[in-house]
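Quick notes on the structure that follows.
Derivation of every value follows stated rules applied to the coordinates shown; laboratory data play no part. Everything numeric here is computed off the predicted structure, so don't read it as measured data. Cβ coordinates were reconstructed from backbone atoms using ideal geometry, including for glycine residues, and neighbour counts include every protein chain displayed.
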Amino acid sequence: MSTFIHAAGSADEAGIADPALELAHHIKALTGQDPASVDKISDEKSLELAMDNIPRIIEGSSDTSEAEGVLNVVCWLFQRVLENNTAPANSVTLVDKFVGKLSADPKMQPALRLKMLSTVYNVLGGNGMARYNTFLAMVKFAAAAGEQELQSLTQECEGLEDKVAEWGVPVAKTRELCTAIFTAMDAHKNKEGSHLYRRKFLSTFQGTKDAAQAKKEAAQVVVDAIGDATVFLFDDYMQLDAVQALKGDAEFGKLHELLLIFASDSLAAYNKFASGSGPYIQKLGLKSDDLVFKMRLLSLCTLASSTRVMKYADIAGCMEIPEADVEKWMIKAFTTGLLEAKMDQSTQTVLVNKCQDRVFGTREWEVLRDRLMSWRNNMKDIMGMIDQARQRQQMQAERMIQQEAQ
């Protein structure tokens, strides 16, 4: 029995003659029954017996390693049943049942259960719907199990678009999975992760007629972005159809106005908005002082995008600060990476080298095109100089050969 208990990758590798029978004997022993009472059993019946006794397999094992060994054999038997004896129409049902048994108790050996769920996912091959259901179950299980288990699954959630394309599931299923992921991350205070998967959720509404259905999540994404001290580019949010659906909405229309200010307007515009909407900003969970800080930097970006040389007086005006504080605020802008520039105290000016554009529209595309054209022309000049140098070197070498020949 010890060989069976410690089976690693598969029953074949462990040298088990009849894994279905050995598994049944082991489970009978765990449940206090006589193993000899079973002298013959089909793969399907043995698998069903194992699925019904997963808690006993885990609790009855002497340690995690032993439990894992038994469950590895169960997974191996599951794969064999799935591949050899299950009609395609019934395969999803079988997978869902097995996954349901494995994920039934997120507090009993959660790491082991999650590992087995991952094994099931990996053996499913090209069965897209079954893989989708398994992955969704893994997300919900990890969320219920705890922060550590959810963190261990985070890497598996990367490349979600590729997974969805591979599974071939309808967009409604994609939305359900994204919702499960960001809900799980919300529960465990992973703001960055929940924001990312909410945006993925919203992206599924692009070009559809049902974008208004996602207004609640769109509003949450906008609030998170405005309140995030590291987010300064809002143009991408404005491009989302679900966010555009907030415009003029009875509940979220004012939030869309606020987003528009952060996307392209000035500190003066924000102050005007805040003067009549202070309670609303507080209701959103945002701090006005933090928003003023961000809008000062964004207003500076607008000024820097319009000229290469900024006067201290103009900077103070757009940021609504004393001229004496300009250099301090310029350092803050440098620190955020929004601006690369040189300050000249003698002339009270700032020479702009690079600045983040707040809106990437026609003008920005033209600037990018001009830069690429300039880069291409410079490369042509450099290649021409290299070619000329190569020709001169070749001619010089030929002359030296001729001189030596004479």
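Some observations on this one:
- Per-peptide average of other Cβ atoms within 10 Å, ordering 285-295, 110-120 highest first: 110-120, 285-295
- For the pair Asp325 and Asp357, a Förster radius of 25 Å applied to the C-beta separation gives a FRET efficiency near 0.50, rounded to the nearest 0.05.
- Helix 110-123 and the long axis of the chain differ in direction by around 90°, with both axes built from C-alpha atoms.
- In this structure, the amide hydrogen of Val309, modeled 1.01 Å from its nitrogen in the peptide plane, lies closer than 5 angstrom to those of Val352, counting only residues at least 5 positions away or on a different chain.
- At full extension, Lys107 and Glu176 could sit 22.4 nm farther apart than now, given 0.36 nm per residue minus the alpha carbon distance.
- Short-range pairs are left out: with C-alpha atoms under 8 Å and at least six residues apart, the relative contact order of segment 269-362 is 26 percent.
- Across segment 394-399, computed HN-Hα scalar couplings (Karplus, 6.51 cos²θ - 1.76 cosθ + 1.60, θ = phi - 60°) run 5, 5, 5, 5, 5, 5 Hz from first to last residue, x flagging Gly and Pro.
- In segment 202-268, the GluC sites (Glu not before Pro) that fall in loop regions by DSSP, at most 11 other Cβ within 10 Å: Glu251
- Counting only Cα atoms, segment 66-146 measures 35, 27, 16 Å along its principal axes, largest extent leading.
- Maximal additional length on extending the Gln396-Gln206 stretch stands at 62.1 nm, based on 0.36 nm per residue less the C-alpha distance.
- Listing Thr183, Thr335 from fewest to most neighbouring C-beta atoms within 10 Å gives Thr335, Thr183.
- Fluctuation leader among Asp325, Asp186, Asp210 - the chain, Gaussian network, Cα springs under 10 angstrom: Asp325
- Computed label-point distance, nm, for sites Thr230 and Lys272 using a 7 Å Cα→Cβ extension: 3.4 nm
- Pairs from Lys191/Lys254; Lys189/Lys287; Lys209/Lys283; Lys215/Lys287; Lys115/Lys140; Lys28/Lys101 whose Cα-Cα separation, in the structure shown, is over 21 Å: Lys191/Lys254; Lys209/Lys283; Lys215/Lys287
- Length gained when the stretch Thr347-Gln148 is fully extended (0.36 nm per residue, less Cα-Cα span): 66.0 nm
- Within segment 93-112: backbone nitrogen closer than 19 Å to the Gln33 label point (7 Å, Cα to C-beta): none
- Angle in degrees between helix 19-30 and the longest Cα principal axis of the chain, rounded to the nearest 10: 80 degrees
- Top positive-direction residue, dipole computed over the chain with Cβ charges, set Ile54, Tyr121, Tyr197: Tyr197
- Overall form of segment 92-237 per C-alpha gyration tensor (a/c, 1.5; a/b vs b/c): oblate
- Part-to-part distance (alpha-carbon centres) for segment 120-152 and segment 312-354, which is given in Å: 50 Å
- Going from the fewest other Cβ atoms within 10 Å to the most, the residues Phe205, Phe334 appear in the order Phe334, Phe205.
- Couplings for segment 193-209, taken from phi via the Karplus curve 6.51 cos²θ - 1.76 cosθ + 1.60 with θ = phi - 60°, read x, 5, 5, 4, 7, 5, 5, 4, 4, 5, 5, 6, 9, 4, x, 10, 8 Hz in order; Gly and Pro are left as x.
- J(HN,Hα) series, segment 297-307, from Karplus relation 6.51 cos²θ - 1.76 cosθ + 1.60, nearest Hz, glycine and proline x: 5, 5, 5, 4, 4, 4, 5, 5, 6, 9, 7
- The tail of the calculated P(r) for segment 230-360, taken as Cα-Cα distances beyond 18 Å, holds 55 percent of the pairs.
- Per-residue Cβ neighbour counts within 10 Å put Met395, Met51, Met319 in the sequence Met395, Met51, Met319, beginning with the fewest.
- Two-site label geometry, Lys97 and Tyr280: point separation in nm, points 7 Å out along Cα→Cβ: 5.6 nm
- Highest-fluctuation residue, Ala24, Ala87, Ala333 considered, GNM on the chain with Cα pairs under 10 Å: Ala87
- Computed on the chain, with alpha-carbon pairs under 8 angstrom and 6+ residues apart, the relative contact order is 8 percent.
- Point-charge dipole on Cβ atoms (K/R +1, D/E -1) for the chain, about Cα centre, debye to 20: 1300 debye
- With N counted as the residues of the chain, its alpha-carbon radius of gyration over 2.2 N^0.38 Å works out to 1.48.
- Span from the segment 64-111 Cα centroid across to the segment 267-288 one, whole angstrom: 53 Å
- Thr336/Ala89 FRET efficiency (R0 51 Å; Cβ-Cβ; nearest 0.05): 0.35
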